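The values are calculated or read from the model by the stated rules, or taken from the named source; none is laboratory data. Since the structure is predicted, the reported quantities are computational estimates derived from the model, not experimental observations. Cβ placement follows ideal geometry from the backbone for every residue including glycine, while neighbour counts extend to all protein chains displayed. Ligands, DNA and RNA are stripped out before the accessible areas are found, and what is left, the full protein with its side chains, is counted by its heavy atoms. Shrake-Rupley method; radii C 1.70, N 1.55, O 1.52, S 1.80 Å.
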Amino acid sequence: MIQLDLQPGLEAQLTAKAQNLGLSTVKYVEQIVLSKNEEDDHLQEGLDDIATGRTRPAREVFAELHARYDIHG
């Protein structure tokens, strides 16, 4: 277990946000840390795709999205 010493203002912000979500401050901070780890994992997956050549031109991707979601313009 890690103990953090937070500046009072930051601690108050985290506590207020946690209360709005119905969570303890500790649980809220845990969620933040875990989501950051997931973001890092997704970023690494993307970098691995690039390294192995699994890429597509942006024009192709945008054209596909425009067609799929009926976007004009």
Could you identify the single residue in GLU60, GLU39, GLU45, GLU30 that is assigned to a helix (DSSP H, G or I), among the acidic types (Asp, Glu) and over 18 Å from the mean Cα position of the chain (by Cα)?
GLU60
List pairs: first in the range 26-42 and in contact (Cβ under 8 Å) with a residue 12 or more places away in the chain, second open to solvent by 80 Å² or more (accessible area, probe 1.4 Å), Cβ under 9 Å, 6+ apart or cross-chain?
TYR28/LYS17; TYR28/GLN19; TYR28/LEU21; VAL29/LEU4
Condition first: among the β-branched types (Val, Ile, Thr) and surrounded by 10 or more Cβ atoms within 10 Å (Cβ to Cβ). Now tell me which residues in the range 51-70 satisfy that.
THR55, VAL61
Residue, most open to solvent (accessible area, probe 1.4 Å), within the range 1-50, restricted to residues that are modelled with pLDDT under 95 and of a type in the set (Gly, Ala, Ser)
SER35
Can you tell me which residues in the range 20-73 are over 22 Å from GLN3 (Cα atoms) and among the hydroxyl-bearing types (Ser, Thr, Tyr)?
THR52, THR55, TYR69
When the range 63-73 is checked residue by residue, the ones that are of a type in the set (D, E, K, R) and assigned to a helix (DSSP H, G or I) are GLU64, ARG68
